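The values are calculated or read from the model by the stated rules, or taken from the named source; none is laboratory data. These figures come from a predicted structure and were not determined experimentally. No Cβ is skipped: glycine too gets one built from the backbone with ideal geometry, and neighbour counts run over all protein chains shown.
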Amino acid sequence: MTHSRLLRRLLRQRATLFWAAVVLVVLAGAAFAPLLAPFGPDDGNIREGLASPSAEHLLGTDKLGRDVFSRLMFGAQIALLAAFEAVGIAVLVGVPLGLLSGYLGGWLDRIAMRIVEGVMSVPFLVLAIALISILGPGLAKSMAVVGVVYATIMLRLTRGLTLAAREELYVDGVRVTGGSDRRILFQHVLPNILPALIVQVTLMLAGAIVAEATLSFLGLGVQAPAASWGTMLSDAQASIRESFFLALPPGVAILITVLAFNQVGDGLRDLFAREAKGGSLGVNPVQPVVGSPVAALPGASVPDPLLRVSDLTVSFPGADGSPMEVVQGVSLDVGRGEIVGLVGESGSGKSVTAMALLGLVPDPGRVAAATVALDGQELTGRTFDELRAVRGGRIGVVFQEPIASLNPAYTVGDQVAEVLREHTDMGREEVARRVVELFEQVHVPDPQLRMRDYPHQFSGGMAQRVMIAMALACRPQLLIADEPTTALDVTVQGQVLDLLLELRGSTGMSILLITHDLGVVADVADRVAVMYAGQLVEAGPTAEVFARPAHPYTEGLLGSLPRNVRRVGRLPSIPGVVPPPAQWPQSCHFAQRCRYAQDRCRAAPVELLASQPGPARAARCVRSGELELTGVAEAPDRALVPTEEGR
Ligand code: SF4
């Protein structure tokens, strides 16, 4: 799918195809020079020296009577072989070292980067000439030196790309499934950074051709009488008084070949960039699963929801390459004007669920769902391009780390305006008016002035208000807020939550609030859905779930909240951590950490079912009907205090 789409896009890039054809002609000319060239590279009759172009000698002859056209073809052979030698060394040395340096870091990275900085601090040609002076002239040696210098460039590029790729979700996915470092590097990181490396290779080939010609011209590369474009230029310079024409064929050959490689590189860069932004490269759409949506459950479902998610599953390749599910069959509704809190510890799958809803799970992740419907409109099966109109338009998104989410190079006003320009056909003045209106809506003081400020001039809380303004720009029906208060201090957290409540009231939008903090949910959410190890384990109205949880995990989370009672001893916590997906059992995922676990909990998969404590409750626990779990209740000041419920 991806390859045929890439090919179709490539076929539409006429200029790239033209220059690729030029490269092919040069390659073919070089490869078949012994067959196609009318003369050998050194065949010549000095009495025919400096002959003008003719039918016998298409580009004339040089001072020694050698056919310029034939030497040009053999010169192409040398130029390309030299370029492949240099770039081959750069790839073989630079790419593996860059991968290891970027992925492992530590002493290897420090040593590699000091070497790279040392090499790059000296101008390329000066360094090459110095090294060749030590090693002695000759094509193989000079191009080996060029290759080593290029290897440092390749190392730096690969390291940078690897540093970014290792933080990606799909790498985390493979890591938590027990994938080895070698597998992560060569099966997951390398394929994803390959497009950028391919572009760099084409640009380096062009550079290596120029380097070979330069070094040969200076007498440090190919040695006379061998035919290379550099030695031909050198010969032409020696005869410049008798014939200026001799410099033209090798000069034009170098110009066209270098231009062709550069144009192909630029074309590929455009192609990959367009695919990464709007194609199937890098992210995968939500695939509809065959079958009907799972039955609506009390607690997780509401009548006529704005967002309906049914049987959502996200998987990444496991250690043996088979799909490893990191989110399993999540079904959840968000009602109109409702705030739903999706809570769980790190590794529970809540953020991956949000990414899946937005169609942003990166390759090689796979997303499938029976339904993901927004206001009745099905989103499964939509491409990245088709979902673009939904993201930022009908669904607004707010992430944690607001300062990091804003581009430091643009004013905050520009960044909000960009969303409007992308999703609406508003004119300039209308956009400016709307930006001011949005800043007023999120209570940024002096909006006319502050919209011209840069992100670093904003505090964390104010920057989050800007992010919320961006999310609201197109009047979304649904706001997905992923840990919107995590990076903020407590007083600012409260202000941001109050703002979300106020905006829900004034706009009527729904909010899916993803957080690890039950205190945040208690403050604003109408309904809460608790995730553990990739599964929804409990759902229901917030007040009811807090007062009387139906799942031991929810009880554990509530028990570990700091409460406004006199604390005696250490704050309670749930023993252990969320196990990685590779260790999730078929039966209850929480059994390992559950104080109420019995043999029957480990006997078979546990379904999310309607649960006893109330009519709108659901829990994934075989004992939920018999356990009396301890909850908390909201005090008038919104702080959380224990209920009188006993066990
Ligand atoms: S099914 Fe058993 S192990 Fe799982 S949460 Fe319920 S009581 Fe605990």
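Is there a residue being closer than 22 Å to ARG388 by Cβ, crowded, with 22+ Cβ neighbours inside 10 Å and either at pLDDT below 90 or not assigned by TED's automatic domain parsing to the domain that holds LEU499 (or both) anywhere in segment 433-440?
yes
Among what's in segment 472-484 and is part of a loop (DSSP other than H, G, I, E, B) and touching a residue at least 40 places away in the same chain (Cβ under 8 Å), pick the residue that is nearest to VAL352 (Cα to Cα).
Here the residue is GLU483.
Pairs, please: C-beta under 7 Å, at least 6 apart or cross-chain, first residue assigned by TED's automatic domain parsing to the domain that holds PRO34 and in segment 64-76, second at pLDDT below 90 and part of a strand (DSSP E or B)?
Qualifying pairs under 7 Å: LEU64/GLY44; GLY65/GLY44; ARG66/GLY44; ASP67/THR61; VAL68/THR61.
Table: residues versus (1) out of contact with any Asp or Glu (no Cβ under 7 Å at 6 or more places or on another chain); (2) surrounded by 16 or more Cβ atoms within 10 Å (Cβ to Cβ).
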site	(1), (2)
GLY44	yes, yes
LEU58	yes, no
THR61	no, yes
ALA90	yes, yes
VAL95	yes, yes
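Among the numbered conditions (1) modelled with pLDDT under 90; (2) within 17 Å of SER611 (Cα to Cα), tell me where LEU518 comes up short.
LEU518 satisfies every listed condition except (2).
Among the residues of segment 4-44, which ones are more than 21 Å from LEU58 (Cβ to Cβ) and assigned to a loop (DSSP other than H, G, I, E, B)?
Listed by number, the list holds a single entry, GLN13.
What helices (runs of 4 or more DSSP H) completely inside segment 107-195 contain at least 2 residues that are modelled with pLDDT of 85 or more and not small (Gly, Ala, Ser)?
Output list reads 139-165.
Identify the single condition in (1) more than 11 Å from the ligand (Cβ to nearest atom); (2) at pLDDT 90 or above; (3) under 21 Å from LEU518 (Cβ atoms) that GLN586 does not satisfy, given that it satisfies every other one.
The number of the failed condition is (3).
Taking segment 230-261 only, how many residues are without any contact (Cβ under 8 Å) to a residue 40 or more places away in the chain, aliphatic (A, V, I, L, M) and more than 14 Å from GLY207 (Cα to Cα)?
Total satisfying the criteria: 5.
How about segment 518-536: which of its residues are buried (at least 22 other Cβ atoms within 10 Å of the Cβ), touching a Pro at 6+ places or on another chain (Cβ under 9 Å) and not in a loop (DSSP other than H, G, I, E, B)?
Those that are buried (at least 22 other Cβ atoms within 10 Å of the Cβ), touching a Pro at 6+ places or on another chain (Cβ under 9 Å) and not in a loop (DSSP other than H, G, I, E, B): VAL520, ARG527, VAL528, VAL530.
Contact list please: Cβ distance under 9 Å, first residue in segment 592-613 and closer than 28 Å to THR542 by Cα, second residue part of a helix (DSSP H, G or I) and more than 8 Å from the ligand (Cβ to nearest atom), pairs at least six apart or on different chains.
GLN592/GLN583; ARG593/GLY556; CYS594/GLY556; ARG595/GLY556; PRO613/GLU544; PRO613/VAL545; PRO613/ALA547
Before we move on, is GLY347 part of a strand (DSSP E or B) and surrounded by 17 or more Cβ atoms within 10 Å (Cβ to Cβ)?
For GLY347, the condition - part of a strand (DSSP E or B) and surrounded by 17 or more Cβ atoms within 10 Å (Cβ to Cβ) - is not met.
Is it the case that segment 571-582 has a residue that's at pLDDT below 90 and part of a helix (DSSP H, G or I)?
Scanning segment 571-582, I find at least one residue that is at pLDDT below 90 and part of a helix (DSSP H, G or I), so the answer is yes.
Of the conditions (1) assigned to a helix (DSSP H, G or I); (2) closer than 25 Å to GLY60 by Cα, VAL264 clears all except one; give me its number.
Tallying (1) assigned to a helix (DSSP H, G or I); (2) closer than 25 Å to GLY60 by Cα, VAL264 fails exactly one: (2).
Is there any pair linking a residue in segment 358-378 that is assigned to a strand (DSSP E or B) to one that is of a type in the set (Phe, Trp, Tyr), with Cβ under 7 Å and at least six apart or on different chains, and which?
Close Cβ pairs satisfying both conditions: PRO362/TYR170.
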